[in-house]
Every structure is written in C-alpha cells, then in structure tokens.
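The values are calculated or read from the model by the stated rules, or taken from the named source; none is laboratory data. It should be emphasised that the depicted structure is a prediction, and the values quoted were computed from it without experimental measurement. Please note: Cβ atoms are built from the backbone with ideal geometry, for glycine as well, and neighbour counts cover all protein chains shown. What goes into the accessible areas is simple: the full protein's heavy atoms, side chains included, and nothing from ligands, DNA or RNA. Shrake-Rupley method; radii C 1.70, N 1.55, O 1.52, S 1.80 Å.
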Amino acid sequence: MYEFDWSSIPGALPFLVQGMYISLEITAIAIVVGIVWGTLLAMMRLSSVTALSWFAAGYVNLFRAVPLVMVLLWFFLMIPHMLESIFGFPRGSDMRLGSAIAGFALFEAAYYSEIIRAGIQSVSKGQMAAANALGMTYGQSMRLVVLPQAFRNMVPLLLTQGIILFQDTSLVYVSALADFFGAAYKVGDRDGRLVEMLLFAGAVYFVLCFTVSQLVRYYQKKLKTA
C-alpha cells in the first residue's frame, strides 16, 4: 500500500509561491487583454462593414477550432524568432513568459468576444435608438449606453471564463515555464513524491477556483434580486 509523505511540501513553498505568481500574472494579463481585444472583435462582428465582420468571424472560428496547447506551442516557437528578426532581440533570449501571455490573451479573446457579443445583443435595441435620438454617434452609443449595460450582465460569464483561464495556465508546461503546476511537478519529481505534490496542487486549484465560483454565484443572485 502506498505511504503518503507530505514532508517535502513546506520546503517547496517558496518555489510554489513563485509558480503561483506566474500563473496569476498570466491569468490577469490575459483577462485584461482578452476582454479589450474581445470587445473590439465583438463590435467588428456586429458591424455592418462586411470586411470587419468576416475578419472577426474568421478569427473567432480559427481560435475556437484549435486546441489551446497547440496555440501555446505556436507562440512559443514563433514569437522568439519574430522578435529576433524584426526587433533584433538577442538570440536565445528567454521569452517563454511573454509567449505564453500572448498565446493565452489572443486565444481567450475569441471566447470573450462571443460572450461580449451575446451581452451586446441582450441589450434592448431601443437603447441604441434612444442614444441615436439624442444625437450620439455609433461609437458614443456603444461606449456610453450599450457596453456598460452589457458588461453588467456579462460579469458572471467573464469571471467564469477567467476561472477556466486560470486552470488552463497549467498547460504552459509545453514551454517548460515553471507555473504553479509546473513547480509542483518539478518538486515532486525531484523528491520522488510526485503523487503528493500533484494532489497538493490539485487541492490548491480546487480551493481557489471553488471560492471564486461561489463569489460569482453570489454576484449572480444579487443581479437577479437587484
């Protein structure tokens, strides 16, 4: 029978904390960039300009049809070469973190775009008509009237997608980046306690994600009663 030994966890905490910082950094930046770019994509997809609508639809369908781990590999292999050739970065520079952030941000933007598009469409068309009647331009109507209402309705979905993004950061192992999961795996492999470290990492992921999901559920209830 397997005997569990958790003694390696206390000594590994600094390394695990550093890995968690990387996971949270990737998550936070990817959420911000993903929402901003996703909002632009959603507006382009709803635009009456055919070229913009087709571009946004193609972008969303491409990234939603490709596995995330493949996207991360693309950026891990391509971005260093692009920066070396275009901007003259030194060959062999460590760009794993930047590549991972770029991959996650552009990938998640496709999903945020669909959430935001649905949120915009959930706002009554009368709101846009009223804004136009007040003399607002299309951009002003979207920025001052439609988007604030849409984002209020979308917050639970955006946060839920953020939870999924945080869980997916464990996939940066493909670039040998020591995020929280990668740090736990390396420590477990080094100390011969891989089972214990992976169970510990899983418990940490569960506590964090479950806590945030409960907060999202609480916020949803407040929206319904407001």
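Looking at the square roots a ≥ b ≥ c of the eigenvalues of the Cα gyration tensor of the range 13-57, which shape do they give, rounded for a/c under 1.5, prolate if a/b is larger than b/c, or oblate? Here the range 13-57 falls in the prolate category.
Label positions at V207 and A65, each projected 7 Å from the Cα along the C-beta direction, are separated by 4.3 nm. Under a Gaussian network description of the chain, with springs only between Cα atoms under 10 Å, the residue in L165, L13, L106 that fluctuates furthest is L13.
Report, in degrees rounded to the nearest 10, the 0 to 90 angle that the Cα long axis of helix 96-122 makes with the longest principal axis of the chain. The angle comes out near 40 degrees. Name the shape class, rounded, prolate or oblate, that the alpha-carbon gyration tensor gives for the chain, where a ≥ b ≥ c are the square roots of its eigenvalues, rounded holds for a/c under 1.5, and otherwise prolate holds if a/b is larger than b/c and oblate otherwise. Verdict is oblate for the chain.
Using a Gaussian network model of the chain whose springs link C-alpha atoms within less than 10 Å, name the residue from L215, L171, L41 with the highest mean-square fluctuation. Maximum among the listed residues: L215. Per residue, the chain exposes 56 Å² of solvent-accessible protein surface, assessed with a 1.4 angstrom probe and all protein chains in place. Suppose each label sits 7 Å from its Cα in the direction of the beta carbon; what would the L144-Q127 distance come out to in nanometres? Between L144 and Q127, the label points sit 1.5 nm apart. Here W6 sits with roughly 110 square angstrom of accessible surface, probe radius 1.4 Å.
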